[in-house]
Amino acid sequence: MGAIYLFDVDGTLTAAKSKINPSFAADFFEWMGDKEVYIVSGGSFERIVDQIGVRILNQTEGVFACMGNIFYRNKRTLSKYSEWDKVYENKFTVKKPKLFFSELEREVMKSPYPIKTGQHYEVRTGMVNFSIVGCDATPEEREGYAIYDDLHRERLQIVERLKKKYKGIDFVIGGAVSIDIFNIGNDKSQVLNNYFKEQLKHRSVVFVGDRIEYPGNDYSLAQALRGYEKGQAIEVKSWKDTAALLKTIRFEV
Ligand SMILES: [Mg+2]
């Protein structure tokens with residue numbers, strides 16, 4: 001039996017928060033044809049559909065959305081349209097939610113970065129997505145913050161500060177501008193325990209992501225996978241790397 005392939009979305013199959021490049025979409029769809037593919041993304045199911053399109057989505061075996069906090073399995077019915085089974089769903093819990101969210105707001109106020117567009121956190125299934133620049137930022141404004149953050153490592157400092165303060169909660173750098181927040185253990189690595197553990201005994205599982213280095217949001221899954229003889233994690237810098245990767249021998253495991 002061939003390998004099982006897991007793909008991150010933002011920065012791996014698409015540019016962050018963007019739709020997949022049409023010519024890559026066609027190549028990827030064709031590549032998927034005879035393979036078992038799952039999506040493991042920080043985004044919601046709806047956003048993933050919007051980014052990679054229904055055609056690719058229907059060709060996957062399942063979608064782990066919101067950092068693996070909710071899993072939809074493709075029922076593979078004979079109908080033209082896929083039907084999805086919700087297999088499990090987690091909840092994000094924090095002791096004093098009001099205080100916690102005002103702490104996030106304080107981080108926004110404290111940041112010297114001048115452009116703050118509002119809607120700085122979004123509660124998703126089992127997680128919170130947080131950013132200094134805000135959800136309403138234009139692609140140019142997001143790009144501006146990504147450059148600023150590369151230079152000043154602001155997200156890294158916020159992550160370290162909040163981690164010390166909130167013991168049961170984890171904070172990781174996700175996407176181009178945001179920080180993903182969840183209860184410890186409810187990160188992308190949970191997909192192994194929840195779903196792939198048995199299969200890893202006899203099949204290779206390959207994960208492709210762009211944030212495999214600590215404290216990136218692919219780190220936990222990459223680390224956990226590397227603990228298995230049949231696990232493999234590959235880092236890419238963008239979807240263009242992924243496109244090139246699909247053509248290499250190294251990928252054929
Ligand atoms: Mg990513």
*Would you mind putting 219-225, 5-11 in packing order, based on average other-beta-carbon counts within 10 Å, highest first?*
5-11, 219-225
*Shape call for the stretch 11-106 from the C-alpha gyration tensor, a ≥ b ≥ c root eigenvalues: rounded (a/c under 1.5), prolate (a/b greater than b/c) or oblate?*
oblate
*asked:* Around Thr138, under 14 Å between beta carbons, what's the net of Lys plus Arg minus Asp minus Glu among the other residues?
replied: -1
*Overall form of the stretch 80-134 per C-alpha gyration tensor (a/c, 1.5; a/b vs b/c)*: oblate
_Formal net charge of residues neighbouring Asp187 (Cβ-Cβ distance under 11 Å; K, R +1; D, E -1)_ = -2
*Starting with the highest mean, order 13-20, 28-35, 192-199 by the number of other Cβ atoms within 10 Å, averaged over the residues of each peptide.*
13-20, 192-199, 28-35
*If packing is taken as the mean number of other Cβ atoms within 10 Å per residue, what is the order of 120-132, 151-163, 49-61, highest first?*
120-132, 49-61, 151-163
*With charges set only on the Cβ (+1 for Lys and Arg, -1 for Asp and Glu), what does the dipole of the stretch 97-183 come to about its Cα centre, in debye to the nearest 20?*
520
*With charges only on Cβ, +1 for K and R and -1 for D and E, what is the dipole size of the chain about its Cα centre, in debye, rounded to 20?*
760
*Between Thr138, Thr77, Thr12, find the one with the highest GNM mean-square fluctuation for the chain; connect C-alpha pairs within less than 10 Å.*
Thr77
*Vicinal HN-Hα couplings computed from phi for the stretch 216-231 (Karplus, 6.51 cos²θ - 1.76 cosθ + 1.60; Hz; Gly/Pro x)*: x, 7, 9, 4, 4, 5, 4, 4, 4, 5, 5, x, 9, 4, 9, x
*Once you've got the Cα coordinates, tell me which of Lys86/Lys230; Lys19/Lys91; Lys95/Lys167; Lys96/Lys165; Lys35/Lys247 are over 18 Å apart.*
Lys86/Lys230; Lys19/Lys91
*How much net charge surrounds Tyr228 when only other residues with a Cβ under 9 Å from its Cβ are counted (Lys, Arg +1; Asp, Glu -1)?*
+3
*asked:* Just want the answer: with Cβ charges of +1 for Lys and Arg and -1 for Asp and Glu, which residue in Thr93, Leu78, Met109 is farthest toward the dipole's positive end in the stretch 68-129?
replied: Leu78
*asked:* Which of the three applies to the stretch 138-244, rounded, prolate or oblate, going by the alpha-carbon gyration tensor with a ≥ b ≥ c and a/c under 1.5 meaning rounded?
replied: oblate
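Every number in this text was worked out from the coordinates using simple rules, so none of it is lab data. Since this is a predicted model, take the numbers as computed values, not measurements. Every residue, glycine among them, receives a Cβ derived from its backbone with ideal geometry; neighbour counts consider all protein chains shown.
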